[in-house]
Amino acid sequence: MGLMNSMRIKRAVIMIIISAILTVFLGGCGKKEPEQTQAYPPRVAEREGGIFRFQLANDPSSLDPARFDFQDSSSRQLMYLLYDGLVDFHSQTMEVIPSLSSNWQISEDGKTYRFYLQEGIKFHNGKEVTAEVFKESWERLLSPGKKYANSFLLQGIVGAKDLQAGKAEEAKGIKVIAPYTLQVELEEPNSAFLSILGHPATFPVDLSVAEKAGDKYGSDKALVVGTGPFRIVEWQRNKQLTLEQNPGYFGHISYIERLEMPIVKDSEEALIMLEAGKLHFIQEIPAGKMSYVDNNPELADLIVKEPFLATYYYAFNLTEPPFDNVKIRQALNYAINRELIIEYLWEGLGEPLGGIVPVGFNQYGYPKNGYTYNLAVAKKLLEDTGHPLGFGIPDVVLTYNSSAGHRAIARAVQQQLAQIGIKAILEEVSWEELLTKMQQGDGNIFRMGWIADYPHVDNFLYNSFYSGAINKGNIMNYTNNLVDDLLKQARAERDIAKSMELYSLAESYLIADAPMLWLFSYQKGAMQGDYVRGLKLNALGVVPLEQVWIEKTSW
C-alpha cells in the first residue's frame, strides 16, 4: 500500500523542533489519495439532499468497535459510516490514505510509527479527538479479562500482550507525544500495519461514554459516538436504523441527508421492495435469482458486482495419509473444474482460485504456478505416487458446515474427485463441530473460507500460514521454515514493490506445497435502485455512501 509521499505539515514551532530531532531515526510519511483516481467528484448542487433507503440484512448485535462482528456485512457497513480511524482506504484501489491523521512517519527499522492528527476533529457529541483518545480507545480494546474478538489486531504493539494478561496497566508501545501526536512501537516490523489501522476495531470512541455504558456501549443510538460522516438518530431494534448526515464532518460531506436502513432479513423480500421503489440498495441478490435478474432488462443494469476479498477452499489434514503426500494434494487441486462450480453452483459470483490470495490487489504480482483444471496432470501425479486412478487410496472424509450452498459444492467436488479415482464421503456438521474436528484432526478435508480483516495480502498469507500463528489463524498447523522467512522479510521490507515480491514468492512456495484445495474468490452481487448514482462496492464489500446521490426526480 502506498504510504511514502511527502506531505506539507502545519505545526507549531515546538513541533517543528521535535520533528527535526525525529529525523535522526524516522523517515517517510503518509500518502494522499492519488489525483488521477480522485474518490469524490466535484460537488454539484443537483446531487445534494434526499433520503437513501439501504437494506440491512440483520440487526447488528453491537456497534462497538471493540466487539462488533466484522464478518457481518451490515455491521461492517455501519462501522465505516459512524466511525473513522487514523487511516482510511481509497474507495476503489484500497490504497491507504490519511483520515484522522494527516500524515505519519515510520522509523528506518519499521518498528516505530508516529501519527500527526488533524486538529479540531470532534466526535458526534462535540468532544475533540486527540492522541490521548486513541491511547484510551486502544487500551480499552486490549483490556485484561475482556477478550474482545478484535483485539488480535493490536497484539503486535509493544506491551499489548502484557496489558491483556493483566501484567501491566498500559501498553508501553502506545505513547502520547503531544496533544495531536501519537507514537506506536511494534515488537516486529509489519508492512501491513497501516492497513490494519483501517479496521474499525482501531477506531476511537469517547471513553467517558463507553465506560459509563459498559458492555451496553454500541447497543443503542445514544451509546454510539463516533466521528463518521453519519450519526444515528433512531434505532428500532429488528426494524430500522436511521442515520443523518454529520454536518460537522471533517471529510467529504455526503450528498445524502438521511439514511433509512430497514432490517430486511429475507433477501427475496428485499428484492421485491427494490423493484417497488421502497429500497435504493439491497446487499445481495437472492440465491437462485441471478438468472432472473440478469435476463430482466429493467433489472440487469441495476446489478452491482465487484470483487470481494474473501476465499472459499478446503483445508487438508496434513498430518495423516493420504494428504501428508504433497503430490496427492496437488493432484486434487488439478482435478477440480472451478469455472463449472462458479457458473452453475455460485451463480457466476466468483473467480477461479488456484492459490491463496484473491483477486483485487492491484499492487500484487500473483504467482504463475496457480492450479487450473487438468485431469491429465492430476492422474499423472497419482501415478507418480503409486496410486494410478486412486488405487490404494482409502476413502476420504470431506466435512462441511451445514448449508444448501456448501452441500451442493461438496457434492460437485465429490463427483469431480471420482474422475481420478478418489472416493469422498460427505459429512455435514455445524460450524462449531467443523472447527472442532479440524483442530482435532478428525477427518481428511474440511470446508473453510477467509474474509479479509484488512485489504492487504499479509492477511491471507501470514495469518494462515506463519508457524507462529498456529492455534490462531493457522488452524491447519502448517509449518514451512522457508515460507516463515519470506513472510518475515516481506513484513520487514519498507519498499512496497519489494515487499509484494516477497509475499508473492512465499505464496508460490505455498501453492507448490498445496496445503489446501482452492476453489474460488468471491464477488459481491448487490443491486441499486434506478435513480441511484455514484454507487460502488469496495473490496471489503462496503459502499462508500458519501459518494452516492439520488437524482432529484425520484424524491
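How many angstrom separate the Cα center of segment 480-539 from the Cα center of segment 57-121?
19 Å
Work out how far the C-alpha atoms of the chain reach from end to end along every principal axis, then list the three figures in whole Å, largest first.
On the principal axes, the chain reaches 76, 60, 45 Å in Cα extent.
So how many Lys-Lys pairs in segment 229-315 land under 17 Å Cα to Cα, not counting same-chain pairs under 8 apart?
So the count of such lysine pairs works out to 5.
I need the Kirkwood Rh of segment 64-137: take the reciprocal of the average 1/r across all distinct C-alpha pairs and report it in angstrom.
14.1 Å
So for segment 307-523: antiparallel DSSP bridges make up what percent, rounded to the nearest 5? Present the calculation step by step, with values, prior to reporting the outcome.
Working: 16 of 25 bridges.
Here the antiparallel bridges make up roughly 65 percent for segment 307-523.
Given q = 0.22, 0.29 Å⁻¹, what are the Debye log10 I(q)/I(0) values for segment 107-154, with equal point scatterers placed on the Cα positions and solvent ignored?
After summing over all Cα pairs, the log10 values are -0.94, -1.02.
Once the Cβ-Cβ distance between R258 and E108 is put in as r, and R0 is 51 Å, what FRET efficiency do you end up with, to the nearest 0.05?
0.60
State whether segment 273-317 is rounded, prolate or oblate according to the following rule on the C-alpha gyration tensor (a ≥ b ≥ c being the square roots of its eigenvalues): a/c under 1.5 gives rounded; otherwise a/b larger than b/c gives prolate, and the remaining case gives oblate. Could you put the intermediate results ahead of the total?
Numbers: a/c = 2.80, a/b = 2.29, b/c = 1.22.
Here segment 273-317 falls in the prolate category.
Testing the spin-label approximation: label points 7 Å from Cα along Cα→Cβ at K380 and D395. State their distance in nm.
According to this spin-label approximation, the distance is 3.2 nm.
Which residue, Y522, N325, G443, has the largest displacement toward the positive end of the dipole of segment 307-523 when charges sit on each Cβ (Lys, Arg +1; Asp, Glu -1)?
Value computed over the given set: N325.
Quick one: what does P(r) look like for segment 177-295 with 10 Å bins over all Cα pairs, in whole %?
Reading the bins upward from 0: 10, 26, 30, 22, 9, 2.
Students often check this: by mean Cβ neighbours within 10 Å, which of 56-67, 328-339 ranks highest, and how do the rest follow?
328-339, 56-67
On a 24 Å Cα-Cα criterion, which of the cross-link pairs K327/K524; K122/K175; K127/K167; K111/K172 come out too long?
K327/K524; K127/K167
Divide the volume of the convex hull of the Cα atoms of segment 307-523 by its number of residues and quote the answer in cubic angstrom per residue.
About 110 Å³ per residue, rounded to a whole number.
With n ≥ 4 as the cut-off for DSSP H runs, can you work out [θ] at 222 nm for the chain, using -39500 (n - 2.57) per run divided by the number of residues, rounded to the nearest 500?
Numbers: 16 runs with 151 residues, N = 555.
It comes out at -8000 deg cm²/dmol, rounded to the nearest 500.
Given 20 °C and 1.002 mPa s, compute D for segment 421-555 with the Stokes-Einstein relation, Rh being the Kirkwood radius over Cα pairs; round to the nearest whole µm²/s. Could the numbers behind the result be given before it?
On the way: Rh = 18.3 Å.
After rounding, the answer is 117 µm²/s.
Bear in mind that the values in this text are calculations on the coordinates, not laboratory data. Note that the coordinates shown come from a computational prediction; the quantities given were computed from them, not determined experimentally. Note: ideal-geometry Cβ built from the backbone for every residue, glycine included; neighbour counts use all protein chains shown.
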